[in-house]
Amino acid sequence: QVQLVESGGGLVQTGGSLRLDCSASERTSSIAWFRRAPGKEREVVAVITWESGIRYTPNSVKGRFTVSRDGAKNGITLQMNNLKPEDTAIYYCAARKDGGFRVDPEGYDYWGQGTQVTVSS
């Protein structure tokens, strides 16, 4: 069982920045951040694959969110800049045990407890 520990998040004004960190108890094939906004489905905001070195962010956050990996912690860091009210959500770290690159939540085996990000207008 892979344990994921999340940190970061909080309340920020529009245009502000936050950083999310996630560390894993062991290295997996991929590690990602998802988010779930009220009334919406869970969506991916960043993925890193260790072996192939893929770093993915969707168009909705590209240019504002930067993802990087933390090898020492088998983890992932998400730097979020120019935040908007629509970024308000619970953000979850997730790890995919093995296999290729995936952006759907069904492809992930382990989940963190989630951390709240609130962007005020």
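Regarding residue 61, is this residue closer than 18 Å to residue 94 by Cβ and open to solvent by less than 20 Å² (accessible area, probe 1.4 Å)?
yes
Could you say which residue among 24, 32, 46 is open to solvent by less than 30 Å² (accessible area, probe 1.4 Å), farther than 23 Å from residue 118 by Cβ and under 14 Å from the mean Cα position of the chain (by Cα)?
Going through 24, 32, 46 in turn, the sole match is 24.
Regarding the range 61-71, can at least one residue be identified that is in a loop (DSSP other than H, G, I, E, B), of a type in the set (A, V, I, L, M, F, W, C) and touching a helix residue (DSSP H, G or I) at 6+ places or on another chain (Cβ under 9 Å)?
The answer is yes, given that some residue of the range 61-71 is in a loop (DSSP other than H, G, I, E, B), of a type in the set (A, V, I, L, M, F, W, C) and touching a helix residue (DSSP H, G or I) at 6+ places or on another chain (Cβ under 9 Å).
Quick one: would you say residue 40 is open to solvent by 70 Å² or more (accessible area, probe 1.4 Å), at pLDDT below 95 and not aromatic (Phe, Trp, Tyr)?
No.
When the range 103-116 is examined, which residues are found to be in contact with a strand residue (DSSP E or B) (Cβ under 9 Å, 6 or more places away or on another chain), surrounded by fewer than 16 Cβ atoms within 10 Å (Cβ to Cβ) and farther than 17 Å from residue 24 by Cα?
104, 116
What number of residues within the range 1-21 are surrounded by 19 or more Cβ atoms within 10 Å (Cβ to Cβ) and either of a type in the set (A, V, I, L, M) or in contact with a His (Cβ under 8 Å, 6 or more places away or on another chain) (or both)?
3
Taking interchain pairs and intrachain pairs at least six residues apart, which have beta carbon atoms under 9 angstrom, with the first residue in the range 17-28 and part of a loop (DSSP other than H, G, I, E, B) and the second surrounded by fewer than 20 Cβ atoms within 10 Å (Cβ to Cβ) and basic (Lys, Arg)?
28/97
Yes or no: residue 94 farther than 11 Å from residue 46 by Cα and among the hydrophobic types (A, V, I, L, M, F, W, C)?
no
Okay, residues lined up against (1) in a strand (DSSP E or B); (2) more than 16 Å from residue 2 (Cα to Cα); (3) modelled with pLDDT under 95:
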{"residue": "34", "(1), (2), (3)": "yes, yes, no"}
{"residue": "44", "(1), (2), (3)": "yes, yes, no"}
{"residue": "53", "(1), (2), (3)": "no, yes, yes"}
{"residue": "79", "(1), (2), (3)": "yes, yes, no"}
{"residue": "82", "(1), (2), (3)": "no, yes, no"}
{"residue": "90", "(1), (2), (3)": "yes, yes, no"}
{"residue": "95", "(1), (2), (3)": "yes, no, no"}
{"residue": "99", "(1), (2), (3)": "no, no, yes"}
{"residue": "106", "(1), (2), (3)": "no, yes, no"}
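Please count how many residues of the range 67-102 are open to solvent by 40 Å² or more (accessible area, probe 1.4 Å) and touching a residue at least 60 places away in the same chain (Cβ under 8 Å).
Going through the range 67-102 one residue at a time, the tally reaches 11.
The values are calculated or read from the model by the stated rules, or taken from the named source; none is laboratory data. Given the structure is predicted, the values throughout are model-derived calculations rather than measurements. Quick reminder, even Gly has a Cβ in these numbers, built from the backbone with ideal geometry, and neighbours come from all protein chains shown. For accessibility, only protein heavy atoms count, side chains too; no ligands or nucleic acids. Shrake-Rupley method; radii C 1.70, N 1.55, O 1.52, S 1.80 Å.
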